[in-house]
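Novice: A single structure is presented below for examination.
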Amino acid sequence: QQAFGLYHVTNTPASRFEWASYILRRIGWTGKIEEGKQEDFPSPARRPKFSVLDNFGLWETVGVELPTWQEATERFLREEGFL
């Protein structure tokens, strides 16, 4: 195909809080984690409230579908010896 352009490649959408919570739970951490708000971390850069990357076009262009973020995180944790 004559595909061109910039493609964002990511696993299924998850917030940073969801991802961190999942990792900490999987490694057996029993502390408390609280979700922060964007306003809690002032930055001169303007950021959208919701900015999840979308894999639209990846399957259509190259026929590849990535695993879910949970599957990818599980693999990483196993490979790095956390599980």
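Novice: Take Leu83 and tell me if it is open to solvent by less than 100 Å² (accessible area, probe 1.4 Å) and modelled with pLDDT under 95. If you could, list the steps in order and put the result at the bottom.
Specialist: Numbers: open to solvent by less than 100 Å² (accessible area, probe 1.4 Å): yes; modelled with pLDDT under 95: yes.
Yes: the conditions hold for Leu83.
Novice: Moving on to the next point. Consider region 1-53. How many of its residues are among the charged types (D, E, K, R), part of a loop (DSSP other than H, G, I, E, B) and either closer than 15 Å to Trp69 by Cα or open to solvent by less than 80 Å² (accessible area, probe 1.4 Å) (or both)? Spell out how you get there, then give the answer.
Specialist: Initial filter on region 1-53 (among the charged types (D, E, K, R)): 16, 18, 25-26, 32, 34-35, 37, 39-40, 46-47, 49.
From the residues that got through so far, the ones that are part of a loop (DSSP other than H, G, I, E, B) too are 32, 34-35, 37, 46-47, 49.
If we keep only those that are either closer than 15 Å to Trp69 by Cα or open to solvent by less than 80 Å² (accessible area, probe 1.4 Å) (or both) too, we end up with none.
Looking only at that region, the number is 0.
Novice: Continuing with the same structure: Go through region 56-83 and report how many residues are within 17 Å of Ser15 (Cβ to Cβ) and not in a helix (DSSP H, G or I). Can you show your working first?
Specialist: Start the filter on region 56-83 by keeping residues that are within 17 Å of Ser15 (Cβ to Cβ), which leaves 68-70, 72-73.
Right, trim to not in a helix (DSSP H, G or I) and you get 68.
Qualifying residue count, region 56-83: 1.
Novice: Inside region 54-78, can you point out the residues that are over 17 Å from the mean Cα position of the chain (by Cα) and open to solvent by less than 80 Å² (accessible area, probe 1.4 Å)? Quick ask: steps written out before the conclusion?
Specialist: From region 54-78, those over 17 Å from the mean Cα position of the chain (by Cα) are 57, 59-64, 78; that's our starting set.
Gly57, Thr61, Gly63, Val64 - these are the residues of region 54-78 that are over 17 Å from the mean Cα position of the chain (by Cα) and open to solvent by less than 80 Å² (accessible area, probe 1.4 Å).
The values are calculated or read from the model by the stated rules, or taken from the named source; none is laboratory data. Here the structure is a predicted model, which means the values were calculated and not measured. With ideal geometry, Cβ positions are generated from the backbone for all residues, glycine too; neighbour counts draw on all protein chains shown. Please note that ligands, DNA and RNA were not included when accessible areas were found on the heavy atoms of the full protein model with its side chains. Shrake-Rupley method; radii C 1.70, N 1.55, O 1.52, S 1.80 Å.
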